[in-house]
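The values are calculated or read from the model by the stated rules, or taken from the named source; none is laboratory data. Remember, it's a predicted structure, so these values are computed and weren't measured experimentally. Glycine gets a Cβ as well: all are built from the backbone with ideal geometry, and neighbour counts include every protein chain shown.
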Amino acid sequence: MGTAIALFTRDLRVTDNPMLTEAHSLGDDVIPLFIVDERLAVPPNRARFLRDCLIDLRGSLRELGGDLVVIRGDTEATLRRIGERAPVDTVVMAEDYSSYARTRRRRVERACAAIGASLRITDGTAIVPPGAATPTTGGDHYRVFTPYSRAWAAARWRKLVDAPRAISMPSGITGDDPDNVVGPVRAESPDIPEGGETQGRHRWEAWAERGVDYDSVHDDLAADDTTRLSPYIHFGCVSALELATDPRAPDALIRQLCWRDFFCQVLAANPRLTSAPYRFPEKDTWSHDPDALAAWQSGSTGVDIVDAGMRQLRTEGWMHNRARLITASYLTKVLDVDWRHGAAWFDRWLVDADVANNYGNWQWVAGTGNDPRPNRRFNLDRQARRFDPDGRYVARYLDRADDRSG
Ligand SMILES: Cc1cc2nc3c(=O)[nH]c(=O)nc-3n(C[C@H](O)[C@H](O)[C@H](O)COP(=O)(O)OP(=O)(O)OC[C@H]3O[C@@H](n4cnc5c(N)ncnc54)[C@H](O)[C@@H]3O)c2cc1C
C-alpha cells in the first residue's frame with residue numbers, strides 16, 4: 001500500500017478524523033504532517049492556541065506509535081522535499097473553502113503531480129458538506145437559513161470514524177518543535193484558553209454533563225453558559241459531527257452548529273465573502289470615521305454594553321455571541337462604519353476567528369449578507385435590559401478593565 005501523507009489543516013485531532021483514518025487505510029506507513037505555511041499570517045492569540053493544538057496532537061500521535069511532523073515553510077515546496085526523501089503514494093487532506101484554502105489545494109495538487117502521488121480529499125469540518133444540501137428550486141447553495149436548516153436536517157450525515165489503533169511511520173522523516181515554528185507563543189490577550197483535542201474534549205464533557213438548559217440560557221450574557229467550544233471547533237480539535245450526534249446535545253445547540261454549516265456553504269459558493277457584499281450591494285455604503293472606529297476598538301464608546309463586549313474580546317480573545325451581535329450592530333448600524341473594519345478587528349483578536357463564520361455573521365449584521373431583513377436595527381437599551389438585566393456582564397468587563405489600567 002505504500003506511504004500516505006496525512007496533511008493536517010483544520011482537523012487537529014485523532015478522534016473522528018476522516019482524513020487521518022483514510023490516510024491510515026491507504027498507507028502501510030503514514031506521515032502525519034502539519035505545515036506552518038509562511039503565506040498565512042496567524043495573529044498571536046490564534047498562534048498560541050495553534051501551538052497548544054499541535055503539541056497535544058503530537059502527544060496523541062506518539063501514543064499511537066507515530067509522531068507529528070511540523071515544518072515551517074511553503075506548502076508545495078515542503079511536500080516536494082518530503083517526496084524526495086521518501087516515496088509518497090498518496091496525500092490525504094480535508095476539504096476547505098476559503099480563498100487561502102483553495103490556493104493551498106492547488107499547490108498541493110502541483111506538489112502531488114511533481115512527486116507522483118495521488119491526492120485524496122476527504123470531508124472537511126462541516127457536518128453536512130457544502131453541496132450536499134442544495135435548494136430544490138435551483139442554485140448551488142441556500143441564501144436563507146430556515147429552508148437550509150430543513151435540508152440540513154434531512155441530508156445524509158456521514159458516520160463517525162474511529163481513530164487509527166496504531167500508526168507506523170517511515171524512518172528519517174522528522175520535523176521541528178511546534179514552539180519553534182508556529183510564531184509568537186505569547187498571546188496578546190491574557191485570558192485565552194489552552195488549545196488542543198484533550199482540552200476540547202474535557203470542555204465538552206464537563207458542559208454536557210452539567211445538563212445546561214442551553215435554550216433558555218444561551219443569550220444570557222452574564223451566565224456565560226454556552227459551550228465556549230468555538231476555537232476547538234474552528235481548529236478541528238473536536239468534531240462538529242461528534243457533538244451534534246451526542247445524545248446529550250440540546251436541539252438548540254445543534255441548530256447553532258447548523259448555522260456554522262450554513263455559512264460554510266455560503267463561503268464555498270462565494271469565496272469573496274470577506275471583501276465583497278454578498279446579497280445586498282446597495283447596502284454597502286459607509287461613512288469614514290476613524291475616531292469612532294478607534295473608540296469602538298478600544299471599548300470606549302461610552303455605551304456600556306458595547307464597551308464590555310469589546311473589552312471581553314481583548315481580554316479573552318473571545319466574545320459572547322449576543323455581545324458580538326450587539327457590538328457589530330453598533331459599529332455598522334449606529335456608527336455607520338464599514339463591516340470590513342469590524343471583521344478585521346475581530347479577526348485579529350478572536351481565537352475562534354473563522355473566515356465563514358466571521359465574515360458571514362458580519363455581513364448578516366451589516367445588512368449586506370444573509371439576513372432577509374437587512375434593515376434590522378437593535379435597540380441597545382433593550383438589548384442590555386433583556387440580556388444583561390442586572391448589569392453583571394457590564395460590571396465584569398468594565399470594572400475589571402478599569403482595575404487593570406488603574
Ligand atoms: C459579528 C459576529 C462574528 C462572529 N465571528 C465568529 C467567528 O469568527 N468564529 C466563530 O466560530 N463564530 C463566530 N460567530 C458566531 C458565534 O458568535 C460564535 O460561534 C459563538 O459565540 C461561540 O461561542 P460558543 O462556542 O460558546 O458557542 P455555542 O453557543 O456553544 O455554539 C456551539 C457552536 O456553534 C457554532 N455557532 C454558534 N453560533 C453561531 C453563529 N451565529 N454562526 C455560526 N456558527 C455558530 C460555533 O461553532 C459554536 O462553537 C460570530 C458571530 C457574530 C455575530
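Before moving on, here are some points about what is shown:
- Residue count, the range 211-264 (criterion: within 16 Å of residue 199 (Cβ to Cβ), among the aromatic types (Phe, Trp, Tyr) and within 9 Å of the ligand (Cβ to nearest atom)): 1
- Scanning the range 352-363 for residues that are more than 7 Å from the ligand (Cβ to nearest atom), surrounded by 24 or more Cβ atoms within 10 Å (Cβ to Cβ) and not small (Gly, Ala, Ser) gives 359, 363.
- Odd one out for residue 341, checked against (1) assigned to a helix (DSSP H, G or I); (2) more than 14 Å from the ligand (Cβ to nearest atom): (2)
- Among the residues making up the range 1-44, those that are among the polar types (S, T, N, Q) and out of contact with any Lys or Arg (no Cβ under 8 Å at 6 or more places or on another chain) are 3, 17, 21, 25.
- Taking (1) within 24 Å of residue 242 (Cβ to Cβ); (2) in a helix (DSSP H, G or I) in turn, residue 114 satisfies each apart from (1).
- Meets criteria (touching a Phe, Trp or Tyr at 6+ places or on another chain (Cβ under 8 Å) and modelled with pLDDT under 95) for residue 12: no
- Sole residue being hydroxyl-bearing (Ser, Thr, Tyr) and more than 20 Å from the chain's Cα centre (by Cα), chosen from 142, 97: 142
- Test for residue 280: is it within 9 Å of the ligand (Cβ to nearest atom) and either on the phi < 0 side of the Ramachandran plot or surrounded by fewer than 17 Cβ atoms within 10 Å (Cβ to Cβ) (or both): no
- Each residue in the range 325-336 was checked for being within 13 Å of residue 310 (Cβ to Cβ), more than 10 Å from the ligand (Cβ to nearest atom) and hydrophobic (A, V, I, L, M, F, W, C), and 1 of them qualify.
- Criterion applied to 308, 323, 353 was being outside any loop (DSSP other than H, G, I, E, B), aliphatic (A, V, I, L, M) and within 19 Å of residue 227 (Cβ to Cβ), and the one residue passing it is 323.
- Once the range 365-385 is narrowed to residues that are touching a Lys or Arg at 6+ places or on another chain (Cβ under 9 Å) and outside any loop (DSSP other than H, G, I, E, B), the residue that is farthest from the ligand (Cβ to nearest atom) is 383.
- Looking only at residues of the range 84-99 that are part of a loop (DSSP other than H, G, I, E, B) and of a type outside the set (A, V, I, L, M), we find that the one that is surrounded by the most Cβ atoms within 10 Å (Cβ to Cβ) is 97.
- Among residues of the range 241-268 that are assigned by TED's automatic domain parsing to the domain that holds residue 229, those with a Cβ under 6 angstrom from a residue that is of a type outside the set (Gly, Ala, Ser) and within 8 Å of the ligand (Cβ to nearest atom), sequence gap 6+ or separate chain, pair up as 244/257; 249/243; 250/214; 252/214; 253/214; 263/357.
- Of the listed requirements (1) at pLDDT below 95; (2) within 30 Å of residue 274 (Cβ to Cβ), residue 84 misses just one: (2).
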